[in-house]
1. With unit charges on the beta carbons (Lys and Arg positive, Asp and Glu negative) and the dipole taken about the Cα centre of the stretch A:1-107, which residue among A:W28, A:G72, A:L90 sits farthest to the positive side?
2. Which value, in nm² and rounded to one decimal, describes the direction-averaged projected area of the C-alpha convex hull of the stretch B:13-70?
3. Among A:M104, A:M67, A:M137, which one moves the most in a GNM of chain A with springs linking Cα atoms closer than 10 Å?
4. Please get the size of the charge dipole for chain B, origin at its Cα centre, with Cβ charges of +1 on Lys and Arg and -1 on Asp and Glu, quoted in debye to the nearest 20.
5. Give me the log10 of I(q) over I(0) for the stretch B:11-154 at q = 0.22 Å⁻¹, as the Debye formula computes it from C-alpha points; what are the numbers?
6. State the residue of chain A whose Cβ is nearest the axis carrying A onto B, and the distance in whole angstrom.
7. Inside 10 Å of the C-beta atoms of B:97-106, what's the mean count of C-beta atoms belonging to other chains?
8. In the Gaussian network model of chain A, springs joining C-alpha atoms below 10 Å, which of A:Q36, A:Q70, A:Q130 carries the largest mean-square fluctuation?
There are 2 protein chains.
Amino acid sequence: MTMILNPETDLELVRHLKAPPAKVWRCWTEPALLEQWFAPKPVVTRDVKIDLRPGGIFATTMDIPGMDSQTGAGCILEVVPERRLVWTDLLGPGYHPAADSFGMTAFILLEPEGTGTLYRAIALHRTPDQRKSHEDMGFHDGWGTAAAQLDAVAATL
Amino acid sequence: MTMILNPETDLELVRHLKAPPAKVWRCWTEPALLEQWFAPKPVVTRDVKIDLRPGGIFATTMDIPGMDSQTGAGCILEVVPERRLVWTDLLGPGYHPAADSFGMTAFILLEPEGTGTLYRAIALHRTPDQRKSHEDMGFHDGWGTAAAQLDAVAATL
């Protein structure tokens, strides 16, 4: 499916990963693997819960040196194995509106490319201000570093 | 699927409708039918758009006498024909976070009951305050009146 972005509110990271879609998919959907790459080091990701179905939980806790831990429990919206994972933090498990949220829907899109993967990680936001805020927080560097960590973990599989 | 509600944040309307699930489903999913019953009269519902798939639009405009029109474009989350429709206004079409929302996920659950339907309309909210606000706005009367209007429209099919 073609994904049309709104440049006012959306951010996109594109990377060419060495690992094939099957391994990238495992890194995104198996908690023990996701914990190894999800946040740029030295941030530690733990207590990951993934129930891989629409309405299922997608939860992470991140320990950020010098800051409080951040726990979020989002909701998975779409699952197309090895191709497409969609989740949001505006909803929690069972589609229950989250009391508090960053306010983002994420699309992870994988396409085979040679022996590797064309990797697209897309973040949709409520407003242009929120897109800019996420960009200023370091979206491109942060998600880019995480994508390189993901590819390194995938290489061990 | 058993649906476990959180009484702190959720509201539920249960009705026994005369129409069978197939007709109730049509009233919920065909725009020309939904416009006839969706809001308690004299509120007029118009410009309904329904793309009946996960990620599809669920949009309504309501003309409320003495007030501004209210337009909302929500997102359909789950579709099980004649049994289960889930949508939220926290997201718009394509799961894009809505810039502004009431902040609700709705479950419409239909079960055959004799020649009619056991009808459950459930609203999940972010917080207890928002549940109470929705209740104070007249959730039970409003959704109850709409359910009776729905059954009257279904009787014409």
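The values are calculated or read from the model by the stated rules, or taken from the named source; none is laboratory data. Fair warning: this is a prediction, and the values are worked out from it, not measured in the lab. All Cβ positions, glycine included, derive from the backbone under ideal geometry; neighbour counts span all protein chains shown. Please note that ligands, DNA and RNA were not included when accessible areas were found on the heavy atoms of the full protein model with its side chains. Shrake-Rupley method; radii C 1.70, N 1.55, O 1.52, S 1.80 Å.
1. About the Cα centre, the residue reaching furthest to the positive side is A:W28.
2. 5.0 nm²
3. Highest fluctuation among the options: A:M67.
4. Dipole of chain B, to the nearest 20 debye: 400 debye.
5. Cα-only, vacuum Debye calculation for the stretch B:11-154: -1.67.
6. Closest to the axis: A:L90, 2.
7. 5
8. Looking only at A:Q36, A:Q70, A:Q130, the largest GNM fluctuation is found for A:Q70.
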